[in-house]
1. Given the options 287, 269, 297, name the one that is polar (S, T, N, Q) and over 17 Å from residue 363 (Cα atoms).
2. Take segment 44-78 and flag every residue that is surrounded by fewer than 16 Cβ atoms within 10 Å (Cβ to Cβ), touching a Leu at 6+ places or on another chain (Cβ under 8 Å) and outside any helix (DSSP H, G or I).
3. Within the group 90, 81, which residue is surrounded by fewer than 20 Cβ atoms within 10 Å (Cβ to Cβ) and among the hydrophobic types (A, V, I, L, M, F, W, C)?
4. Select from segment 348-357 the residues that are buried (at least 23 other Cβ atoms within 10 Å of the Cβ) and either of a type outside the set (S, T, N, Q) or not assigned by TED's automatic domain parsing to the domain that holds residue 283 (or both) and list them in ascending order.
5. Please give the number of the condition residue 108 fails out of (1) in contact (Cβ under 8 Å) with a residue 12 or more places away in the chain; (2) under 33 Å from the mean Cα position of the chain (by Cα); (3) in a helix (DSSP H, G or I).
6. Exactly one of (1) over 24 Å from the mean Cα position of the chain (by Cα); (2) crowded, with 18+ Cβ neighbours inside 10 Å; (3) not assigned by TED's automatic domain parsing to the domain that holds residue 262 is unmet by residue 166. Its number?
7. Scan segment 211-239 for residues that are free of Cβ contacts under 8 Å to residues at least 40 places away in the same chain and more than 13 Å from residue 290 (Cα to Cα) and report the count.
8. Checking the conditions here, which among 167, 151, 232 is in contact with a Lys or Arg (Cβ under 8 Å, 6 or more places away or on another chain) and at positive phi?
Amino acid sequence: MTTTPAPDIGALVRDAEAALRRRDVNVALELLTHAEAAAPADIPARMLKASALRFAGDFQGALAALEAVLVHDPYHFVALLSKGSLLERLAGPRVAARFYRDILEAAPPEDRTPPGLAAPIAHARRLVAENADDLAEFIRQQVETVKARHGGASLGRFEEALDIYAGRRKPFVQQPLLMHYPQLPAIPFYDRDLFPWLPELEAATDMIRGELGVALEKARQDFAPYVAYPPGAPVGQWGALNNSMSWRSPWLWKDGRRQDDACAVCPETAALLDTLPMAGQPGFAPTALFSALEAHTRIPPHTGSTNTRLLVHLPLILPGPAGFRVGNETRAWRMGEAWVFDDSIEHEAWNDADELRVILIFDVWNPFLSEAERDLLGVMMNARNAYYASGASPT
């Protein structure tokens with residue numbers, strides 16, 4: 001008794017590909033039907049069948065073939081991308097945009113995208129962005145009457161929520177590198193009223209800038225790269241700035257220790273800082289420094305160590321266009337105006353001017369912490385350091 005040999009699925013698929021190159025769709029589909037009958041779970045055969053059906057104008061059939069692929073591999077990115085393209089044709093851009101928005105999270109990084117996928121992915125991203133703009137505008141028209149009822153109410157937070165809901169912007173949360181303290185609000189820029197000493201700081205701008213000038217002239221040796229990873233350490237987004245004087249700083253306070261030499265160059269600035277409620281955590285804070293950013297230099301998006309402290313910025317040298325973003329809010333510095341922000345939320349800065357930009361930076365306690373919590377935090381964080389320093393193990 002003889003048995004019929006199993007068909008060579010690979011050969012059937014190759015023959016079907018050759019038929020499609022000849023534009024002989026019927027032959028290709030016949031070959032792929034044989035392949036499908038012999039190996040129902042063969043993904044290359046089903047993907048090619050979807051292409052053949054699409055070429056023949058049977059878009060519903062092509063969609064069904066892709067759905068069959070996704071039953072076996074729900075994360076097959078090419079099948080997902082192809083399904084989005086068919087949805088765009090069959091159901092319109094709005095349906096496709098919602099689908100694309102979900103699957104683009106799985107798109108390969110740009111530097112690892114196969115050439116054949118670059119254009120379809122770019123198209124999907126454009127469609128998602130255009131749909132988000134259209135949706136945001138549609139929602140704005142719907143809420144306009146209600147907004148008018150509330151007159152001059154502050155609605156900046158609502159506008160951000162609308163853009164996030166429509167997909168135009170993404171939500172930003174606190175992502176501290178060292179410690180996250182629960183139940184503290186994720187506020188990019190804090191209300192000035194929480195820091196009644198800000199006018200005193202701003203009034204001292206000229207004095208601080210004068211002492212900075214002395215530091216720039218006489219104490220350049222105190223300016224060191226802000227980012228300084230040792231050889232062999234992973235630098236991530238800091239590759240361009242690692243050990244670079246393009247972003248450099250002298251520290252007045254560092255990890256809770258007063259830097260006496262730097263403070264001696266800027267005695268009035270140091271004395272002023274002593275009167276302000278800087279965060280006090282031995283071994284960790286306060287921190288105070290002059291942040292000098294060279295012309296046409298960008299500090300990439302990053303987050304700070306903890307949400308228990310906030311950072312204060314006071315601009316001292318602003319030679320031209322420069323900006324700062326925290327979460328979804330972007331601001332331009334203005335001389336004589338300070339702000340307080342949560343650096344555990346993603347932020348970035350840039351200096352598009354032709355000369356050096358310098359900001360005074362120091363940290364203060366998050367105002368939503370109690371005195372007891374502040375005291376306990378210092379003990380807790382130093383206890384962790386002591387634990388690892390001693391090599392202790394749990395008992």
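1. Working: 287 fails: over 17 Å from residue 363 (Cα atoms); 269 fails: over 17 Å from residue 363 (Cα atoms).
After applying the criteria, what remains is 297.
2. Hit for segment 44-78 is 56, nothing else.
3. 90
4. Keep residues of segment 348-357 that are buried (at least 23 other Cβ atoms within 10 Å of the Cβ), which gives 351, 357.
If the condition is that a residue be buried (at least 23 other Cβ atoms within 10 Å of the Cβ) and either of a type outside the set (S, T, N, Q) or not assigned by TED's automatic domain parsing to the domain that holds residue 283 (or both), then 357 is the only one that fits.
5. Tallying (1) in contact (Cβ under 8 Å) with a residue 12 or more places away in the chain; (2) under 33 Å from the mean Cα position of the chain (by Cα); (3) in a helix (DSSP H, G or I), residue 108 fails exactly one: (3).
6. Exception for residue 166: condition (1).
7. Qualifying residue count for the region: 13.
8. Working: 151 fails: in contact with a Lys or Arg (Cβ under 8 Å, 6 or more places away or on another chain); 232 fails: in contact with a Lys or Arg (Cβ under 8 Å, 6 or more places away or on another chain).
Within the list 167, 151, 232, the selection yields 167.
The values are calculated or read from the model by the stated rules, or taken from the named source; none is laboratory data. Treat the numbers as computed from the prediction; the structure is a model and nothing was measured. Using ideal geometry, Cβ is built from the backbone for each residue, glycine included, and neighbour counts are taken over all protein chains shown.
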